[in-house]
Amino acid sequence: MDYGEGSADNAAWPKPLPWFANNSDFPNIIDGLRQVGFAEDDVENIMGLNWYRFIDTAIQPTNHLYR
């Protein structure tokens, strides 16, 4: 059986990080990237533009499904 992050003795989700308890803490990641010297363009790419660009270029509708 796969216990993911846990084990047979501890089959639970890991405890939340103190600086990232839920999705409202995403600004903490942004702030941390800036604090360690990431350029603003890199922060934007890490925080979602890379995924946006991938989805926009790699996932295209197939015309034959819409005839």
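Assuming Glu40 fulfils every condition listed in (1) surrounded by 13 or more Cβ atoms within 10 Å (Cβ to Cβ); (2) of a type in the set (Asp, Glu); (3) at pLDDT 95 or above apart from one, which condition is it?
It fails just one condition, (1).
Could you check segment 1-29 and list, in sequence order, the residues that are at pLDDT 80 or above, aliphatic (A, V, I, L, M) and either assigned to a loop (DSSP other than H, G, I, E, B) or touching a helix residue (DSSP H, G or I) at 6+ places or on another chain (Cβ under 8 Å) (or both)?
Ala21, Ile29
Answer with yes or no whether Pro61 is outside any helix (DSSP H, G or I) and either over 17 Å from the mean Cα position of the chain (by Cα) or at pLDDT 85 or above (or both).
Judged against the criteria, Pro61 is a match.
Regarding Gly48, is this residue out of contact with any His (no Cβ under 9 Å at 6 or more places or on another chain) and modelled with pLDDT of 80 or more?
Judged against the criteria, Gly48 is a match.
The values are calculated or read from the model by the stated rules, or taken from the named source; none is laboratory data. Small disclaimer: the values here were computed from a predicted structure and weren't measured. Here Cβ is always computed from backbone atoms with ideal geometry, including for glycine, and neighbour counts include all displayed protein chains.
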